[in-house]
């Protein structure tokens, strides 16, 4: 893609989104667009408002002002389960899995539930086939996320990193059109990161647009088509990953002076001169 | 330090949460004063459980946790704090309804008269805390909470500091600052054990590291050795660690 500022047909457009906590302005976004069929990274310093923006857009928090449309549909003020049902599904930085359900039960909760309609729930053949296909879908995802051996274990028995994986897999069960991941790779071991990245990179071809918050620049460079940088609640830069991450303002505010330096050299210098 | 052994010595530790299910299955590590020891490994290897077991939060079924040669396995956390141990968990590591100042006060809970003096030292190490002191911890971002949790641990002036993923949720600039700060804490004389997923950075700052796999210490060496160990790269670091280290 060349330097078109945005795709002509963004899947999510938000304008004038404002959220403050007491005297602190957490989010003050004039306009943000998430391109359709692409992977967008949302980066920025701690406290920039990235998670709060996610929370507002998905109905987990109430914005003080602002409008946003998902696939042309106005979403502001919609409650969270309706946001999810509309096709915008998110995960959390601090995982939320249901500990007293098994891994498979957690997965099936994420699925679109044909049995939720009362009339259909009464007649097993009307939902049995759908249920079986969801179970199959869940099993495929569990293999992909290396959780298949844990299928029947309680989610509470998973480690922090494994819960992260379960949450991402469960979000995919809902067959979202926009998947919103909050620090998906934090706490996931590096050997597994690569295979998850491959999986996320394939999602746009399956009709899933992705927007994710992430601090690992290797992840951002590997899969993002578009990068949006936030600081102090505002969007301060956006563009393709290469130029955006090379922008001196972004390096200064976010990446830091050492971001491509081996820390061993710094330590040697400091401690060598001290002793 | 008393005795001749290392300050912290964990021997053949077996521990787990549920009866009959061991997460740690014979795990041994050592860490000494002025030493930074890293623990890396796949998800579910037992890294967090190891720190929790050392800190008395997970029942130890067999094996030893020796602090300056003295057995402290299964002692309660408050007694371990009194003996110089501090632990920063991976999540839920601040008291959300309390202010940052109140969170830090909990760090000198055992001797409150030390608060002002310790606060000065901790603010010198973590200057960002100063402007947060009046804020409610629950209103802080994930990365800011990490700082508060680290500050609270340092308030007790520990001789052994256990950190579970101190870089999680931090921006790259803040991560590097955090890693270099942890290195400074070690150089000030503290025995530091960190569990990290940012393995490349972890191995860069550590004196020694252990790779945990299925509840056991599978590999062990200096950070330098492990970065280049083909088995460790294959099993754990993946090509991510190798390529970026080669580029550095």
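The values are calculated or read from the model by the stated rules, or taken from the named source; none is laboratory data. As the structure is a computational prediction, the values presented were derived from the model and not from experiment. Quick reminder, even Gly has a Cβ in these numbers, built from the backbone with ideal geometry, and neighbours come from all protein chains shown.
Considering the stretch B:215-224, the residues that are over 14 Å from residue B:31 (Cβ atoms) and within 13 Å of another protein chain (Cβ to nearest Cβ) include one that is surrounded by the fewest Cβ atoms within 10 Å (Cβ to Cβ), namely B:224. When you check residue A:179 against the structure, is it assigned to a helix (DSSP H, G or I) and over 30 Å from residue B:208 (Cβ atoms), yes or no? It is false that residue A:179 is assigned to a helix (DSSP H, G or I) and over 30 Å from residue B:208 (Cβ atoms).
Only a single item in (1) crowded, with 23+ Cβ neighbours inside 10 Å; (2) more than 9 Å from every other protein chain (Cβ to nearest Cβ); (3) under 14 Å from the mean Cα position of the chain (by Cα) is not met by residue B:148, and it is number (3). Only one of the numbered conditions (1) away from chain A (no Cβ under 11 Å); (2) part of a strand (DSSP E or B) is not met by residue B:212, and that is (1).
Residues of the stretch A:209-238 that are surrounded by fewer than 21 Cβ atoms within 10 Å (Cβ to Cβ), more than 14 Å from chain B (Cβ to nearest Cβ) and touching a helix residue (DSSP H, G or I) at 6+ places or on another chain (Cβ under 9 Å): A:225, A:237, A:238.
Screening B:63, B:38, B:69, B:46 for residues that are at positive phi and either in contact with a helix residue (DSSP H, G or I) (Cβ under 6 Å, 6 or more places away or on another chain) or at pLDDT 95 or above (or both) leaves exactly one candidate, B:63. In the condition set (1) over 19 Å from the mean Cα position of the chain (by Cα); (2) at pLDDT 90 or above; (3) surrounded by fewer than 19 Cβ atoms within 10 Å (Cβ to Cβ); (4) under 30 Å from residue B:141 (Cβ atoms), residue A:139 is compliant with all but (4). In the stretch B:38-73, what residues are under 18 Å from residue B:215 (Cβ atoms), more than 13 Å from chain A (Cβ to nearest Cβ) and either crowded, with 23+ Cβ neighbours inside 10 Å or in contact with a strand residue (DSSP E or B) (Cβ under 7 Å, 6 or more places away or on another chain) (or both)? Within the stretch B:38-73, B:53, B:54, B:55, B:59, B:60, B:61, B:62, B:63, B:64, B:65, B:73 qualify. Does any residue of the stretch A:186-202 turn out to be under 12 Å from the mean Cα position of the chain (by Cα) and within 14 Å of chain B (Cβ to nearest Cβ)? Within the stretch A:186-202, one or more residues are under 12 Å from the mean Cα position of the chain (by Cα) and within 14 Å of chain B (Cβ to nearest Cβ). In the stretch B:181-205, the residue that is farthest from the other protein chains (Cβ to nearest Cβ) out of those that are in contact with a helix residue (DSSP H, G or I) (Cβ under 8 Å, 6 or more places away or on another chain) and not in a helix (DSSP H, G or I) is B:193.
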